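Data first, discussion second: the structure below is written as structure tokens.
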Amino acid sequence: MKKALLLIAFFAIIKINAQNTTCSNNRDYEDGNTKFKGKSFSLAIQSYDKAITQIEGDAKKPNLNYDINKCMVDVYTRRATCYYNTGNYSAMKSDAEKILTLDTVNADAKALLAYFKHKAGNKKEACTVTRKQITKGSEVAKKVFEDCFCWSEGIRLYKEGTTESNLKRYDAALIKLNEALGILPDSGSIYAERAKVYLEKNEGEKSLADLHTAIAKKTSNYKVYYLRAQAYIKTDKLDSAFEDLNQCLNLKKDYYDGYVLRAELDEKQEKWSNAVYDYNLLIKMRPDFGMNYYKLALVKHNGMNDLLGACDMYTAAANRGVEEAKEMAANCATPKYMRKNLVKAEK
């Protein structure tokens, strides 16, 4: 009895394995595959025609030793791809539609049909569909993507999103940038631009998530580190912001905005000596801009209790037209005020 059961199980396994075999004993299919690999697409089509005739005949027979639907999908997919490569798009469309009746999620068929959408003018949807099929492993989708110039479509959407962002139409910008990422998901620049939009919408965590991705894809861009520093400040992660600003300024040593933000961050963290250092750098970079003198005066006056040093900066700021500095500059020029306040400072 045990031997009989073992034999039944053995033959059942053999049958299952045989049914899992795709297009077994179909020499025309294998011949077509050989020609396909050699890019002899017209000759491959002839072999696939014969293979399909055999498969259709097999479908009428009982007790098949292979999965006929799977085999049919494979052969039609190869032939559709050959039609695409030879420019016979109507035949390609017919085969692709046949494939989807047998395999509704077939990536190659969806990519080939996307080509028709693109030619009909629906470039955005066609390129988005094609990109999805690439992620599923479709090789023909890569060719369709290139043939349809989907890179340019993604860049167009990215530029439109950037324009909307610059016009402060942030919801419209997000729509365009999301569409761009659907086509070009590996673009660090698009993630960075979307992060800017999230930052403007006060969605700091979303901005950070996009910037982490952008930096992973484009680590040498100083502006991305600057932007992430802004997002860190927005989410009250000041130490991380400081690290990113340092990285930004290592990459772009004359980046004025980077020093401005770092100086402001120094003040937030009450790192007064660092703030003095950064404001002095800013003054050196733009010696005629009075507001930096005024900010340095405030740091020295309020943060470091250095009235004499602050007075020099108040005066310099007032001389450069900073209204906020003029009252203190006048006080600094008054001996009575200075004697009184210097005594307070010493206490």
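Rule-based calculations on the coordinates, nothing more; no lab input. All figures in this text were calculated on a predicted structure; none of them were measured in a lab. In this analysis, Cβ positions are derived from the backbone assuming ideal geometry, glycine residues included, and neighbour counts consider all displayed protein chains.
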The helix 27-37 Cα axis meets the longest alpha-carbon principal axis of the chain at an angle in degrees, between 0 and 90 and rounded to 10, of 30
Taking R0 as 51 Å and r as the Cβ-Cβ distance between Asp236 and Lys60, the FRET efficiency 1/(1 + (r/R0)^6), rounded to the nearest 0.05, comes to 0.10
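R0 = 45 Å: FRET efficiency of Asn69 with Phe149, Cβ-based, nearest 0.05? Working shown, then result.
Numbers: r = 35 Å, r/R0 = 0.78.
Working from the Cβ atoms, E equals 0.80.
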Taking Cα atoms, the helix 204-217 axis meets the longest principal axis of the chain at an angle in degrees (rounded to 10) of 70
Long-range amide H partners of Tyr255, meaning residues 5 or more apart or on another chain whose placed amide H is closer than 5 Å, are none
Rounded to the nearest Å, the spacing of the alpha-carbon centers of segment 297-342 and segment 93-144 is 70
With a 30 Å threshold on alpha-carbon distance, the violating pairs from Lys61/Lys132; Lys117/Lys206; Lys37/Lys110; Lys201/Lys326; Lys117/Lys218; Lys119/Lys218 are Lys61/Lys132; Lys117/Lys206; Lys201/Lys326; Lys117/Lys218; Lys119/Lys218
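Can you give me the relative contact order of the chain as a percent, contacts being Cα pairs under 8 Å and 6 or more apart? Walk me through the numbers before you get to the answer.
Values: 446 pairs, mean separation 21.9, N = 347.
Result for the chain is 6 percent.
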The aspartates and glutamates whose Cα lies under 19 Å from the Cα of Lys336, excluding any fewer than 8 residues away in the same chain, are Asp306, Asp312, Glu327, Glu346
If N is the residue count of segment 149-264, its Cα Rg over 2.2 N^0.38 Å rounds to 1.05
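Stretch Gln46-Lys119 to full length: gain in nm at 0.36 nm per residue minus the Cα-Cα span? Working shown, then result.
Working: separation 73, 0.36 × 73 = 26.28 nm, distance 2.72 nm.
Length gained between Gln46 and Lys119: 23.6 nm.
Going by average Cβ neighbours within 10 Å, how do the peptides 228-240, 69-81 rank, with the highest at the top?
Values: 228-240: 18.7, 69-81: 23.1.
Most protected by this proxy first, the peptides run 69-81, 228-240.
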Rounded to whole angstrom, the alpha-carbon centroid of segment 226-283 lies from that of segment 55-85 at a distance of 64
For the chain, the longest principal axis of the Cα atoms and the Cα long axis of helix 123-135 enclose an angle in degrees, to the nearest 10, of 80
Simple spin-label estimate for Asn202/Asp186, 7 Å along Cα→Cβ, in nm, reads 3.9
For the chain, cysteines with no other Cys Cβ under 4.7 Å from their own Cβ are listed as Cys82, Cys148, Cys248
Kirkwood Rh for segment 55-162 from C-alpha pairs, in Å, is 14.7
For percent of Cα pairs over 28 Å apart the list reads (1) 65; (2) 49; (3) 55; the calculated value is entry (1)
